[in-house]
Amino acid sequence: MSYLYSVAIEKNGQIIRHSKNLRGIVDYARISKPLRVELTPINKSNGRLRVIFADGASTSAHFASYHIMIDWVRNRRSWDKKNVFIYGDDIGYLTKPGLIGGAK
């Protein structure tokens, strides 16, 4: 299974899950809680998401928009926000710094 834009969840050097979209990360987060979430800007507009899960599995995904990536992570209400590390600006398109999407 090979997709141009896909998500692979790896554990001990082996791919244990593969998804053609971000749903794979959300589904796996129900099995194993995310311990660390890193949001890194790649260039002026793109971003890289890296998630490390409690069972030792990890994954990464690339976003065409760094700010949309921030909003996507903020909207994951079950993820512990103190374990989210943002290495760029803390501003999404839809949310303000420190606010979960939809909150006022």
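The values are calculated or read from the model by the stated rules, or taken from the named source; none is laboratory data. Remember, predicted model here, so these are calculated numbers, not experimental data. In this analysis, Cβ positions are derived from the backbone assuming ideal geometry, glycine residues included, and neighbour counts consider all displayed protein chains.
Okay, here's what the table says:
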| item | result |
| --- | --- |
| Candidate set: segment 62-89, residues that are of a type outside the set (S, T, Y) and part of a loop (DSSP other than H, G, I, E, B); chosen: the one farthest from H18 (Cα to Cα) | D89 |
| Qualifying residues in segment 56-94 (those that are in contact with a Ser or Thr (Cβ under 8 Å, 6 or more places away or on another chain) and surrounded by fewer than 13 Cβ atoms within 10 Å (Cβ to Cβ)) - the one modelled with the lowest pLDDT | Y93 |
| Total residues in segment 23-43, condition hydrophobic (A, V, I, L, M, F, W, C), crowded, with 16+ Cβ neighbours inside 10 Å and in contact with a helix residue (DSSP H, G or I) (Cβ under 8 Å, 6 or more places away or on another chain) | 2 |
| Subset of segment 25-48 that is of a type in the set (A, V, I, L, M) and out of contact with any Pro (no Cβ under 9 Å at 6 or more places or on another chain) - its residue that is farthest from D80 (Cα to Cα) | I42 |
| Tabulated pairs, segment 41-61, first more than 15 Å from H18 (Cβ to Cβ) and without any contact (Cβ under 8 Å) to a residue 60 or more places away in the chain, second of a type in the set (V, I, T) and part of a loop (DSSP other than H, G, I, E, B), C-beta under 6 angstrom, 6+ apart or interchain | R48/I42 |
| In segment 7-23, the residues that are within 15 Å of D55 (Cβ to Cβ) and under 15 Å from the mean Cα position of the chain (by Cα) | I9, E10 |
